[in-house]
Amino acid sequence: MSSPTGMIERMRIIVDADPGIDDALALYYLRAQRDTEIVAIGTVHGNVPVQQATANALRLTERLNLNVPVAMGAAKPLAQPLATAEDVHGQDGLGGYAGDEPTTTHTEQSAAEQLANMARENPKELSLLAIGPLTNVALALQIEPRLPELLDKVVVMGGALNVPGNITSHAEANFWHDPEAADLVLAAGFPHLTIVGLDVTMESHAPQEWLDTLPHDCFPKKILGFYADFYGSFLGKKGFVPHDPLAAAILLDPGLASYHEDRFAIELTGRYTRGKIVADQRFLAPESPFGRDIATERTKARYAVTADHARFLDQLRHAVTQP
Ligand SMILES: [Ca+2]
């Protein structure tokens, strides 16, 4: 970002996350970038219960020397039972390497309150990186309906638009973990909303050879062992998929990706498709009598469709090996 005076401004980011192995990598990625500041972290249920996600967020802020508030967020989705993903991230959410209890504690306010309050206090100055289920963001919209105009950029990791899902045949995990919340966020009218889904993250698969280049004492390499084992069994090839850090990279450098612009909704009632992101992608001539039939009244958002994966994986390697 450049100010009117030509000075480079720091991008100030609130991270909403469910750490989570790739969430941890996203924090490593952000920490390594110049002109970027993580100003707060909110935690949410998803990969693990929110208490574990909060402890992990605190552990990561201590490990990375990030002196930022961590607020504990929603313990369950808006309208369905809690489901977690320890098979992907390990019982402790960090592949068995979470380690000792954190020495710091989370703040008094909830993650939704933190997001709403910080946006009010810093209008149009803060960007949001949401890399877990969107429950906190939906709750923050209830606290502060002006949230879309108060935030600068919003990047959400979620969705499987024109590719298969990963938690069900059609749904990506973050949106599936709280479909109602995801739909509320897509309906809220965020003017600068970018969605980073499986269409692009699955293409950033980092092979085993990428992992092999990391030093043995590197914490990300340790936690990635469990994650890579999961992806090895899931995909039948060694390596892992860096969903959350790619979303972080696209927030900082939108030119890393190309986009499909559309109006999006989440399927809430489909027997096989609940949690899937949908858009009306038909080609319709301007004079066509067939009107669009999905989310016609919604503000357009950008959905990432391609990315420079080689450049990103080089950036990620640099970020996770910094002392
Ligand atoms: Ca996550």
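The values are calculated or read from the model by the stated rules, or taken from the named source; none is laboratory data. Being a predicted model, the structure only gives us computed values, none of them experimental. Because the Cβ atoms are built from the backbone with ideal geometry, glycine has one as well, and the counts that use them run over all protein chains shown. Remember, those area values only see protein heavy atoms, side chains included, never the ligands or the DNA or RNA. Shrake-Rupley method; radii C 1.70, N 1.55, O 1.52, S 1.80 Å.
Within region 273-289, identify whether any single residue is modelled with pLDDT under 95, under 22 Å from N166 (Cβ atoms) and among the small types (G, A, S), and answer yes or no.
no
Among the residues of region 261-272, is there at least one that is away from the ligand (no atom under 16 Å from the Cβ) and under 24 Å from Q33 (Cβ atoms)?
In the first step, residues of region 261-272 are kept if they are away from the ligand (no atom under 16 Å from the Cβ); the result is 261-272.
Subset that is under 24 Å from Q33 (Cβ atoms): none.
No, every residue in region 261-272 fails to be away from the ligand (no atom under 16 Å from the Cβ) and under 24 Å from Q33 (Cβ atoms).
Taking helices (runs of 4 or more DSSP H) that do not extend beyond region 1-120, which have at least 1 residues that are at pLDDT below 95 and either surrounded by fewer than 24 Cβ atoms within 10 Å (Cβ to Cβ) or away from the ligand (no atom under 15 Å from the Cβ) (or both)?
Working: elements: 21-31, 50-63, 86-89.
Once the helices (runs of 4 or more DSSP H) in region 1-120 are filtered for at least 1 residues that are at pLDDT below 95 and either surrounded by fewer than 24 Cβ atoms within 10 Å (Cβ to Cβ) or away from the ligand (no atom under 15 Å from the Cβ) (or both), nothing remains.
From (1) more than 16 Å from the ligand (Cβ to nearest atom); (2) among the aliphatic types (A, V, I, L, M); (3) touching a helix residue (DSSP H, G or I) at 6+ places or on another chain (Cβ under 6 Å), pick out the condition that doesn't hold for L246.
Checking L246 against (1) more than 16 Å from the ligand (Cβ to nearest atom); (2) among the aliphatic types (A, V, I, L, M); (3) touching a helix residue (DSSP H, G or I) at 6+ places or on another chain (Cβ under 6 Å), the one that fails is (1).
If you scan region 217-230, which residues turn out to be touching a residue at least 24 places away in the same chain (Cβ under 8 Å), part of a helix (DSSP H, G or I) and in contact with a helix residue (DSSP H, G or I) (Cβ under 9 Å, 6 or more places away or on another chain)? Even if it seems obvious, please write down each step before you answer.
Of all residues in region 217-230, those touching a residue at least 24 places away in the same chain (Cβ under 8 Å) come to 218-227, 230.
Retained after the next criterion (residues that are part of a helix (DSSP H, G or I)): 219-227, 230.
Within region 217-230, F219, P220, K221, I223, L224, G225, F226, Y227, F230 meet the criteria.
Could you figure out which of (1) part of a loop (DSSP other than H, G, I, E, B); (2) surrounded by fewer than 16 Cβ atoms within 10 Å (Cβ to Cβ) isn't true of R274?
Tallying (1) part of a loop (DSSP other than H, G, I, E, B); (2) surrounded by fewer than 16 Cβ atoms within 10 Å (Cβ to Cβ), R274 fails exactly one: (2).
With the condition being among the β-branched types (V, I, T), away from the ligand (no atom under 16 Å from the Cβ) and open to solvent by 60 Å² or more (accessible area, probe 1.4 Å), I'd like the helices (runs of 4 or more DSSP H) fully within region 122-180 carrying at least 1 qualifying residues. Break it down stepwise before answering.
Working: elements: 135-143, 147-150, 173-177.
Helices (runs of 4 or more DSSP H) meeting the threshold: 135-143.
For L214, indicate whether it is at pLDDT 95 or above and either part of a helix (DSSP H, G or I) or within 16 Å of the chain's Cα centre (by Cα) (or both).
Spelling it out, it is not the case that L214 is at pLDDT 95 or above and either part of a helix (DSSP H, G or I) or within 16 Å of the chain's Cα centre (by Cα) (or both).
On the basis of being surrounded by fewer than 18 Cβ atoms within 10 Å (Cβ to Cβ) and either more than 16 Å from the ligand (Cβ to nearest atom) or free of Cβ contacts under 8 Å to residues at least 60 places away in the same chain (or both), does D253 make the cut?
Working: surrounded by fewer than 18 Cβ atoms within 10 Å (Cβ to Cβ): yes; either more than 16 Å from the ligand (Cβ to nearest atom) or free of Cβ contacts under 8 Å to residues at least 60 places away in the same chain (or both): yes.
So D253 passes the test.
Failed condition for S233, given (1) among the hydroxyl-bearing types (S, T, Y); (2) without any contact (Cβ under 8 Å) to a residue 12 or more places away in the chain; (3) touching a strand residue (DSSP E or B) at 6+ places or on another chain (Cβ under 9 Å), with all others met?
Against the list (1) among the hydroxyl-bearing types (S, T, Y); (2) without any contact (Cβ under 8 Å) to a residue 12 or more places away in the chain; (3) touching a strand residue (DSSP E or B) at 6+ places or on another chain (Cβ under 9 Å), S233 comes up short only on (3).
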